[in-house]
Amino acid sequence: MLRGELDAANECPVTSIVAGTSYTYQADSAQTGTGGAPQYQFNWGDGTNTGWLPVGNTWANASHTWSAAGTYTVTAQAQDPSDNVAIATSNGFTVTVAPLVPITIATYPVNLSYTVDGTGYSSPHTFQWAPGTQHSLTAATQNNGNGTQYAFTGWPDGNTTGADTITVPNTAATWTASFTVQYYLTTSAAPAGEGSVSPASGWYNSGQVVSVSGSASTGYAFTGFSGALSGGATPQNLTMTAPASV
């Protein structure tokens, strides 16, 4: 006769699962009156079933994914495929399905990009994940092409390499990648070769104070700054609040 409970394919019944994940269950030991193999049908307790599966051995297995949390009663039926006469129905097997957890992956500042499990997203994005599962995250410095960039500084767990792994907790959470706004400072001497400006062109954090100095080559005199600075005093301090040129 058909077994009174449904076993997982690995012979370990799974009774507590999470929504959105496929699980396999097994029914066995049914036999037709002539000793042949029966047909099986699994009823998943959520209004769906497998339909009658093709004739196989004296046991069968099937997989199912519950999309919503709840408690479901799974049963299996067996019939003789020669006359469609029912042979047996299993006892109900109770499966408790836990809800997925909403996890928001964000950035600060907002609207920056990252990848999750190899797929690109723009911040913020909320995922529905099973508790205890792990997902790979990657973030990197991003340049908008207009003298502003966002330098990656770290994930909430202190990881500053850009690549991280999140283990999904049991409750909703937000995981934020942090970035520092940086502006590009362009420095040059005019005419070229008649002097120099220090520091060389480069990126600086927003709000950072940069000491800029000018010096003349032999035979020339420093006459002053233009652009983001002015006047003949050197050095002068420049606070980086936007891309700048001196």
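Considering region 131-246 at the alpha-carbon level, its Rg and Dmax are found to be 20.9, 72 Å.
Sequence gap at least 6, Cα distance under 8 Å: using those rules, report the relative contact order of the chain to the nearest whole percent.
13
Across the chain, Cα-Cα pairs farther apart than 33 Å form 54% of the total.
Give the carbon-plus-sulfur fraction of the accessible surface of region 133-188 in %, rounded to a whole number; probe 1.4 Å, heavy atoms of protein chains only. List each step's numbers first, then the result.
On the way: 1310 of 2770 Å².
Here it works out to 47 percent.
Starting from the 7 Å offset along Cα-to-Cβ, what nm value, one decimal, do you get for the label separation of His125 and Ser206? It works out to 2.3 nm between the two label points.
Stretching the chain fully between Thr223 and Asn159 yields a gain of 18.3 nm (0.36 nm per residue, less the alpha carbon separation).
For the pair Asn84 and His135, label points projected 7 Å from Cα toward Cβ lie 4.5 nm apart. Just so you know, the averaged projected area of the alpha carbon convex hull for region 25-75 sits at 3.8 nm².
Test of understanding: what is the full-extension gain from Thr73 to Ala19, defined as 0.36 nm times their sequence separation minus their Cα-Cα distance? All intermediate terms of the calculation are to be shown ahead of the outcome.
Numbers: separation 54, 0.36 × 54 = 19.44 nm, distance 1.50 nm.
Computed gain between Thr73 and Ala19 is 17.9 nm.
Would you mind calculating the relative contact order of region 195-234 from Cα pairs under 8 angstrom and at least 6 residues apart, reporting the percent as a whole number? All intermediate terms of the calculation are to be shown ahead of the outcome.
On the way: 38 pairs, mean separation 14.3, N = 40.
Here the relative contact order equals 36 percent.
Charging the Cβ of each Asp and Glu at -1 and of each Lys and Arg at +1, and nothing else, the dipole of the chain about its Cα centre rounds to 780 debye.
Note down, for region 112-182, the three equivalent ellipsoid semi-axes (square root of 5 times each alpha carbon gyration tensor eigenvalue), biggest first, whole angstrom.
Values: eigenvalues 115, 29, 20 Å².
Largest first, region 112-182 gives 24, 12, 10 Å.
The values are calculated or read from the model by the stated rules, or taken from the named source; none is laboratory data. Not measured: the values here are computed from a predicted model. With ideal geometry, Cβ positions are generated from the backbone for all residues, glycine too; neighbour counts draw on all protein chains shown. Note: areas computed on protein heavy atoms with side chains; ligands, DNA, RNA excluded. Shrake-Rupley method; radii C 1.70, N 1.55, O 1.52, S 1.80 Å.
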